[in-house]
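Below is one structure, written out as structure tokens, with a few remarks after it.
The values are calculated or read from the model by the stated rules, or taken from the named source; none is laboratory data. Everything numeric here is computed off the predicted structure, so don't read it as measured data. Reconstructed Cβ throughout: ideal geometry from the backbone, glycine too, with neighbour counts over all protein chains shown.
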Amino acid sequence: MQASEREIGMLRKHREHINKNLDFLVKATDYDEVARECVRQGIMSSQMLRNTEDLKGKRFNMLAEDVLLEQHRRLFLKVTQRGPAAYNQLIAVLKNVNCLDAAQLLESVDESSSRPPFISLNERKSSRPKSADIVDTRSPDACEGACVSKRPLSKPLGPPTPYLEPVVGKQREVRKSNKIHTDDMVGTYKMQSRHNRGVLLMINIIDFPDPKRKRNGAELDSNSLIHLYRELGFTIFAYGNMNQEQFFDVLGQVTSSSYVQNTECFMMILMTHGNRVDEKDKVEFCDGSVVDMHKIKNHFQANISPYLVHKPKVLFFPFCRGDHADMGQPKNRYASREPVCMIPQQADTQIETEGTSSVIANVPTLADTLVCYANTPGFVTHRDTETGSWYIQKFCDVMAEHAHNTNVEDILKKTNASVGNMRTKNGSMQTGAFDNLGFNKKLYLNPGFYSE
């Protein structure tokens, strides 16, 4: 028996042939097509591909095209580690995506009969993964601020126009109020207008440069939200796939429009992929560009969005804030103990920035704002391909049932509690959260009841 036949893994001559011709293979192939087909043919799993693409901190000092080039090279190198059948599989992949020059180059090293055979995954019976196991996958590790788009920017979307199209799918019965609710202790935000009750800006990004990362089932969330907010009396601006430039253009136009100038309340729901890098939440757009979430929140500062000063603003970011599955802690298996970090006593009680009276008329930079998340930092969110995202669907359920007599913060708490009771089959859970930024009054939506 010859030595090459006793080799473990891919034959040495095949590995060396790929390494020797790596530059040619990269130039002669399209990365996205080859990567997608490698997963489809079973050369590697989706997780293996993500690990291969993960350049960790290196990408922060690289241009976007250099990042893609390095990922392209690593893809072919990863194939050399995937066993003796991977070489023949790779040739089939290249033929399937019409990269015939690259396929011919690999075939030239020996006769096809001497290469180990393989069985395509397409020839096996496969089943769709259980929808309860679908994770609203995180975006790739991102650089600070926006990265270069992976797709050409399309034309601006034009002036914002309220969405008036009919919706399909599940239609909840939204209970209506019989009065305008108030709270004498902390006060309430005004919500009593018939025609200017609220504005909703909804963006649901479903498609991304990598087709495998399509947010299947997310269209159900759009239908649920549009129906819900129509019943609440809101004017709705609804958008689908948007790149970063389009998003900020639309955000600026809507928040400076007469609709927002006259409205009593503003809400925004941005549904997409996200991640958390260096303790900063990131947002991904359909062109693959990524931006720090604080850039979006900063748009609602008083000097940038003056029409929203003193008005309640509720911002929803129901996407991943990391890549960890929250498996929770088993009951009765933890011990009560003193906190690890105790708050130290102040060494110096002098405070120089408090207690000074002023006649200057100003407003807080960012106030009257709730920022809502589908999870806590570091963890993924879950989406059912048949019924929609856990958080959005539960939010719609709770709003439909309780918005007639319950303030928004309590609705969010009820939503978080409902989502917290859900589990995937392997036990992964999700914990909703929200930040109160000077949201010092209660917000009752009073659906169906008007006093002016």
Worksheet item: Within segment 424-452, how many residues are surrounded by 15 or more Cβ atoms within 10 Å (Cβ to Cβ) and charged (D, E, K, R)?
Response: 2
Fill in: Any hit, segment 206-215, residues being within 21 Å of Pro447 (Cβ to Cβ) and buried (at least 21 other Cβ atoms within 10 Å of the Cβ)
no
Discussion item. Of all residues being surrounded by fewer than 17 Cβ atoms within 10 Å (Cβ to Cβ) and not β-branched (Val, Ile, Thr) in segment 368-396, which is modelled with the highest pLDDT? Just the residue, please.
Written reply: Glu386
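Name the one entry in Val363, Val340, Val359 that is out of contact with any Gly (no Cβ under 6 Å at 6 or more places or on another chain), at pLDDT below 65, within 27 Å of Arg276 (Cα to Cα) and part of a loop (DSSP other than H, G, I, E, B). Give the derivation first.
Working: Val363 fails: within 27 Å of Arg276 (Cα to Cα); Val359 fails: within 27 Å of Arg276 (Cα to Cα).
Matching residue, one of Val363, Val340, Val359: Val340.
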Worksheet item: Looking at (1) under 26 Å from Leu308 (Cβ atoms); (2) in a helix (DSSP H, G or I), can you tell me which one Val419 breaks?
Response: (1)
Worksheet item: Using beta carbons and a limit of 8 Å, which pairs, at least six apart or on different chains, have the first residue in segment 376-405 and over 21 Å from Leu445 (Cβ atoms) and the second one at pLDDT 90 or above and assigned to a helix (DSSP H, G or I)?
Response: Gly388/Ser224
Worksheet item: Does Asp210 satisfy being closer than 29 Å to Gly388 by Cβ and at pLDDT below 85?
Response: yes
Worksheet item: Does segment 101-119 contain at least one residue that is out of contact with any Phe, Trp or Tyr (no Cβ under 8 Å at 6 or more places or on another chain), surrounded by 19 or more Cβ atoms within 10 Å (Cβ to Cβ) and modelled with pLDDT of 50 or more?
Response: yes
Practice prompt. Output the residues belonging to segment 224-258 that are crowded, with 21+ Cβ neighbours inside 10 Å and among the aromatic types (Phe, Trp, Tyr).
Written response: Tyr229, Phe234, Phe237, Phe247
Response to the item:
Among (1) assigned to a loop (DSSP other than H, G, I, E, B); (2) crowded, with 18+ Cβ neighbours inside 10 Å; (3) at pLDDT below 90, Asn196 falls short only on (3)
Worksheet entry | Scan of segment 206-236 for residues that are assigned to a helix (DSSP H, G or I), more than 20 Å from Val398 (Cβ to Cβ) and in contact with a Lys or Arg (Cβ under 9 Å, 6 or more places away or on another chain), ordered by number | Pro211, Lys212
